[in-house]
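First up is the structure itself, then whatever we jot down about it.
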Amino acid sequence: MLIFVSIAAIVQGAFVGAVAIYLITKTRAFVARAIRTDALVVDALARVSRDHQQAMSATTYRPVVEFTGETGQTQCVEISLGMSHPSWSQGDTISILYAPDDPKNARLDTFIGVWFSCLACTFISVWSIVGGLVTWLFFLT
């Protein structure tokens, strides 16, 4: 039974690793073409996630920002990365990166704002592969 768990962990790690490589490639392409600009925080949208089994909830806040794009049009965008304790508030100016061909595709101009999904997938991939290999090597030999 333990061999199936270790194989499943290795396969899962390989799959998530492929997703990480895809995300890294897409993020590098985004950063290469993105335009850096300052944006005004006009709102903070609260997102509540609930864990019904443990009767807990967590609230994250996503900034809604306005900025003027390359074409001179004002864009209003919700940044997808939420934070439980944001360093910004309504009325603040923050730095963002946005795709010139798709101004709605904007991210916070921070390391985490740009690379979070890549880091998360890479961590899960490595953790799964190492866990599967350790299980295989130490418990099955």
About the Cα centre of the stretch 2-139, how large is the charge dipole given +1 on each Lys and Arg Cβ and -1 on each Asp and Glu Cβ? Please answer in debye to the nearest 20.
400
Grab the DSSP H runs of the chain that are 4 residues or longer, score each as -39,500 (n - 2.57), total them, divide by all residues and round the 222 nm result to the nearest 500 deg cm²/dmol.
-14000 deg cm²/dmol
Taking H as built 1.01 Å from N, whose amide H comes closer than 5 Å to the amide H of residue 109, not counting residues under 5 places away?
95, 96, 97
Ratio Rg/Rh, restricted to the stretch 2-139 and using Cα atoms, in which Rh is the Kirkwood radius
1.11
For the stretch 102-118, 3J(HN,Hα) per residue [Karplus equation, 6.51 cos²θ - 1.76 cosθ + 1.60, θ = phi - 60°, Hz, x = Gly/Pro]
8, x, 6, 8, 10, 9, 4, 7, 9, 4, 5, x, 8, 10, 4, 5, 5
Please label the shape of the stretch 44-87 as rounded, prolate or oblate, based on the square roots a ≥ b ≥ c of the eigenvalues of the alpha-carbon gyration tensor (a/c under 1.5 means rounded; beyond that, a/b larger than b/c means prolate, else oblate).
prolate
Relative to the compact globular guide of 2.2 N^0.38 Å, what is the alpha carbon radius of gyration of the stretch 58-141, as a ratio?
1.60
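Rule-based calculations on the coordinates, nothing more; no lab input. Quick caveat: nothing in here was measured; it's all calculated off a predicted structure. Note: ideal-geometry Cβ built from the backbone for every residue, glycine included; neighbour counts use all protein chains shown.
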